[in-house]
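Colleague: Sharing a structure, written as structure tokens. Questions coming.
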């Protein structure tokens, strides 16, 4: 079996969870991966300082789409303060595949856009 | 290339990097549109220069410096001859980007005014786009785009219509598109631009390495290309300019080497081409590029072009066997340079490139520094395979089998599955 393109990664890529629009929403952001021009946007609905619901939209590679799909399930219910503390290791560990240096940004794009929406910090997650 | 085409098995053997293996598989390098690999002759020329003739150029009186001078200016002559240009109007820059910026700053800022227009095309690399965006914004000029049709080609009628508006000061376009592969009719375009009283700039980055280019025949006011895509080193680009224009223009970068004399109040400029070469120039790189064009000349540029056309035709034919593969750009190899951009239904180009790399195949994926064109094509990214003198049909065969294998990894059975 392929190290990178494991069944669950391809499954999330082909049938991503929590993709689409969310209206109304309280927070939103849109980010680009300068490497490939991929775009990923997020809509977030907030209740009691927690992510009540979340939807991603945009297009990207298997790694970026699967990362967003996998992260979306974890992000639901998370407090905004917790989201602000999430780092790159959290995402890479969650993804569970060896991500090369060149594909790292693919995996981290969703966290970048979510952090951007929640905290206004648009830097790449460290 | 084959022996009959002027190179023989020797061509591949001339490129030491092609002996490398990745994961136990031979390197199949199909990314020459990004940068070419280097023949041993170029590597040796750079090493010999640094090992035997290195000194700074232009002012040394000792014999070693004179050897360095002769090597550098001799390289300029060989490089200019390769493209049918005059060495005095052949300026060394860092790359095409710097060459175009040189024109945008030194010519553009003096000649493009409010109400004027600069014309580019929708197929330009960012290098031939962003400098004009910045210039137009700064000068209050309008930047207009020639459209790319569904075949990936430009329309001469549309060019005429733009020129007829009377406000175009400069038209800038690629000789060969780095995404579509389209070979544009640049000589005809330059003639029409000149007839309209405007200036022309041609980005020859993808053209000079793979077809015989004579800048006199092209007739552009400015023609830019780069060394590293033409078997030469990185760090050296070339700008050919029309002499009268270069004479009139103020310098781009200022400092050492580009002056005639300096006092505390000011300076006067050196003569061409050195007026546009501030600071110590890329000496070893020029020597390496001269060795590269000598290598290409020995192969014969007509043969190089035929090799790349034939290989591209083969690639287009073989790609038709891959379900879900969509080629962008002109369908016939005759109208293309040696590259093919494509998408594979159901697999993002980055994943296509990643999976090809498992088989040792190097292709590029992304927007190819042409994001506006990507939007026109309705895709976020494409994969691109580009060939060089060292590639053969067996390389294309490995690419095609890698693409078929990629479909298997993604468990795609039919052509339409997303």
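The values are calculated or read from the model by the stated rules, or taken from the named source; none is laboratory data. For clarity, every value in this text was computed on a predicted model and none was experimentally measured. Glycine gets a Cβ as well: all are built from the backbone with ideal geometry, and neighbour counts include every protein chain shown.
Colleague: So the check is Cβ under 9 Å with 6+ separation or different chains; which pairs have a first residue in the stretch B:258-282 that's at negative phi and without any contact (Cβ under 8 Å) to a residue 60 or more places away in the chain and a second one that's surrounded by 18 or more Cβ atoms within 10 Å (Cβ to Cβ) and part of a strand (DSSP E or B)?
Modeller: Partner pairs satisfying both residue conditions: B:275/B:91.
Listed here are the residues, each with its yes/no results for (1) assigned to a loop (DSSP other than H, G, I, E, B); (2) within 9 Å of chain B (Cβ to nearest Cβ).
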position: A:3; (1), (2): yes, no
position: A:13; (1), (2): no, yes
position: A:17; (1), (2): yes, no
position: A:30; (1), (2): no, no
position: A:35; (1), (2): yes, yes
position: A:39; (1), (2): no, yes
position: A:45; (1), (2): no, no
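Colleague: Next up: Would you pick out the residues in the stretch A:74-107 that are in a helix (DSSP H, G or I) and either within 14 Å of chain B (Cβ to nearest Cβ) or over 14 Å from the mean Cα position of the chain (by Cα) (or both)? Steps first, please.
Modeller: Kept after step one, since they are in a helix (DSSP H, G or I), are these residues of the stretch A:74-107: A:74-75, A:80-85, A:88-95, A:101-107.
Passing the criteria: A:80, A:81, A:82, A:85, A:101, A:102, A:103, A:104, A:105, A:106, A:107.
Colleague: Same structure again: Which of the strands (runs of 3 or more DSSP E) found entirely inside the stretch B:157-276 contain at least 3 residues meeting this: more than 28 Å from residue B:77 (Cβ to Cβ)?
Modeller: Working: elements: B:168-174, B:199-203, B:222-226, B:237-241, B:259-262, B:267-269.
Counting at least 3 such residues, we get B:168-174.
Colleague: Could you say whether any residue in the stretch B:359-370 is surrounded by fewer than 22 Cβ atoms within 10 Å (Cβ to Cβ), more than 14 Å from chain A (Cβ to nearest Cβ), touching a residue at least 60 places away in the same chain (Cβ under 8 Å) and touching a helix residue (DSSP H, G or I) at 6+ places or on another chain (Cβ under 8 Å)?
Modeller: yes
Colleague: Looking at B:180, B:170, B:135, B:143, which one is in contact with a strand residue (DSSP E or B) (Cβ under 8 Å, 6 or more places away or on another chain) and under 28 Å from residue B:36 (Cα atoms)?
Modeller: Just a single option satisfies the conditions, and that option is B:180.
Colleague: Could you tell me which of the residues B:379, B:327, B:398, B:352 is within 10 Å of chain A (Cβ to nearest Cβ) and surrounded by fewer than 21 Cβ atoms within 10 Å (Cβ to Cβ)?
Modeller: Numbers: B:327 fails: within 10 Å of chain A (Cβ to nearest Cβ); B:398 fails: within 10 Å of chain A (Cβ to nearest Cβ); B:352 fails: surrounded by fewer than 21 Cβ atoms within 10 Å (Cβ to Cβ).
That would be B:379, the only listed residue that is within 10 Å of chain A (Cβ to nearest Cβ) and surrounded by fewer than 21 Cβ atoms within 10 Å (Cβ to Cβ).
Colleague: Answer yes or no as to whether residue A:69 is under 25 Å from residue B:366 (Cα atoms), touching a helix residue (DSSP H, G or I) at 6+ places or on another chain (Cβ under 9 Å) and either modelled with pLDDT of 95 or more or not in a helix (DSSP H, G or I) (or both). First the steps, then the outcome.
Modeller: Details: under 25 Å from residue B:366 (Cα atoms): yes; touching a helix residue (DSSP H, G or I) at 6+ places or on another chain (Cβ under 9 Å): yes; either modelled with pLDDT of 95 or more or not in a helix (DSSP H, G or I) (or both): yes.
Taking the combined requirement at face value, the residue satisfies it.
Colleague: Continuing with the same structure: Return the residues of the stretch B:123-143 that are in a loop (DSSP other than H, G, I, E, B) and surrounded by 20 or more Cβ atoms within 10 Å (Cβ to Cβ); say none if nothing qualifies. Outline the logic, then answer.
Modeller: As a first pass, look at the stretch B:123-143 and keep what is in a loop (DSSP other than H, G, I, E, B): B:123-125, B:129, B:140-141.
Those that are in a loop (DSSP other than H, G, I, E, B) and surrounded by 20 or more Cβ atoms within 10 Å (Cβ to Cβ): B:123, B:124, B:125, B:129, B:141.
Colleague: Please determine, by comparing only the residues of the stretch A:47-61 that are outside any loop (DSSP other than H, G, I, E, B) and surrounded by 24 or more Cβ atoms within 10 Å (Cβ to Cβ), which one is farthest from the other protein chains (Cβ to nearest Cβ). Before you say what the answer is, go through the steps one by one.
Modeller: First, the residues of the stretch A:47-61 that are outside any loop (DSSP other than H, G, I, E, B): A:47, A:50-59.
Narrowing further to those that are surrounded by 24 or more Cβ atoms within 10 Å (Cβ to Cβ): A:51, A:54, A:56.
On the way: A:51: 27, A:54: 22, A:56: 15 Å.
Filtering the stretch A:47-61 for residues that are outside any loop (DSSP other than H, G, I, E, B) and surrounded by 24 or more Cβ atoms within 10 Å (Cβ to Cβ), the one farthest from the other protein chains (Cβ to nearest Cβ) comes out as A:51.
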